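Undergrad: I have a structure I would like to understand better, so I am pasting it below and will then ask my questions one at a time.
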Amino acid sequence: HARRDGKPVVLNKTPSYVDVLPVLREMFPQAKVIHCVRDGRDVACSVLARPWGPETFAEAADWWADKVGKAVCWGEAHAGEYIDVRYEDLLGQPGAELSRLFKFLGVADESDAVLGHYSGGISLQTGR
């Protein structure tokens, strides 16, 4: 699908993929992993509102620590194929962080274009 549309990079943000990184590496040996780490307290607030997953803050903290730990461990074993970025840094310094990620991916730095696209803000329609 991406190849057909002329897109050299495919991005998927499924958090549970951290549990299957070895399988994904076998399926996509050229893939690189960008691990976006968000403050665990914010993650807890987010996942507790979902019908799946942790039911208490303590469970959410353990869930977060497990996911982050698995990704970091995988990344340490696969240097050059993994990079992490703090969500808060991406919000606070988007240009610098995007440039760093584009460099890691080995693609042209399009950070200005990305930031320009969103410079007017994002409008969400909830259907309500």
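The values are calculated or read from the model by the stated rules, or taken from the named source; none is laboratory data. All figures in this text were calculated on a predicted structure; none of them were measured in a lab. Note that each Cβ is placed from the backbone with ideal geometry, even for glycine, and that neighbours are counted across all protein chains shown. Ligands, DNA and RNA are excluded from the accessible area calculation, which covers all protein heavy atoms including side chains. Shrake-Rupley method; radii C 1.70, N 1.55, O 1.52, S 1.80 Å.
Undergrad: Return the calculated 222 nm mean residue ellipticity for the chain, to the nearest 500 deg cm²/dmol, obtained by summing -39500 (n - 2.57) across DSSP H runs with n ≥ 4 and dividing by the residue count.
TA: Computed mean residue ellipticity for the chain: -14500 deg cm²/dmol.
Undergrad: Provide the per residue accessible area, probe 1.4 Å, for the chain, rounded to a whole number of square angstrom.
TA: Value returned for the chain: 75 Å² of accessible area per residue.
Undergrad: Still on this structure: How long, wide and thick is the chain, going by the Cα atoms along their three principal axes, in whole angstroms, largest first?
TA: 43, 41, 29
Undergrad: OK, next. With charges set only on the Cβ (+1 for Lys and Arg, -1 for Asp and Glu), what does the dipole of the range 39-79 come to about its Cα centre, in debye to the nearest 20?
TA: Approximately 100 debye in magnitude.
Undergrad: Another question about this same structure. Quick one: which residues, 5 or more positions from His35 or on another chain, have an amide H under 5 Å from its amide H? H modelled 1.01 Å from N in the peptide plane, none for Pro or chain starts.
TA: Under 5 Å from the amide H of His35: Ile83, Asp84, Val85.
Undergrad: Further question on the same structure: Quote the FRET efficiency, to the nearest 0.05, computed for Asp42 versus Asp5 with a Förster distance R0 of 30 Å and r equal to the Cβ-Cβ distance.
TA: Computed FRET efficiency for Asp42 and Asp5: 0.35.
Undergrad: Considering only Ala77, Phe104, Ala61, whose Cα is most displaced toward the positive end of the charge dipole of the chain, charges sitting on Cβ of Lys, Arg (+1) and Asp, Glu (-1)?
TA: Phe104
Undergrad: What is the distance in Å between the Cα centres of the range 4-80 and the range 96-117?
TA: Taking the Cα centre of the range 96-117 as reference, the centre of the range 4-80 is 21 Å away.
Undergrad: Ignoring ligands, DNA and RNA, what percent of the accessible area of the range 1-113 is carbon or sulfur (1.4 Å)?
TA: Ligands and nucleic acids excluded, carbon and sulfur give 57 percent.
Undergrad: Going by average Cβ density within 10 Å per residue, which order do the peptides 48-56, 31-39 take, highest to lowest?
TA: 31-39, 48-56
Undergrad: Would you mind calculating the relative contact order of the chain from Cα pairs under 8 angstrom and at least 6 residues apart, reporting the percent as a whole number?
TA: Dividing the mean separation by the residue count of the chain yields 23 percent.
Undergrad: Still on this structure, I have one more. Reachable lysines from Lys103, Cα under 20 Å, same-chain residues fewer than 8 places away excluded?
TA: Here the lysines satisfying the reach criterion relative to Lys103 are Lys7, Lys13, Lys32.
Undergrad: For the range 86-102, in order, what is each residue's ³J(HN,Hα) by Karplus, 6.51 cos²θ - 1.76 cosθ + 1.60 with θ = phi - 60°, in whole Hz (x at glycine and Pro)?
TA: The phi angles translate into 7, 3, 5, 5, 4, 6, x, 9, x, x, 5, 5, 5, 4, 4, 5, 4 Hz.
Undergrad: Next question, about the same structure. Charges at C-beta only: +1 for Lys and Arg, -1 for Asp and Glu. How large is the resulting dipole of the chain about its Cα centre, in Debye rounded to 20?
TA: Dipole about the Cα centre, nearest 20: 440 debye.
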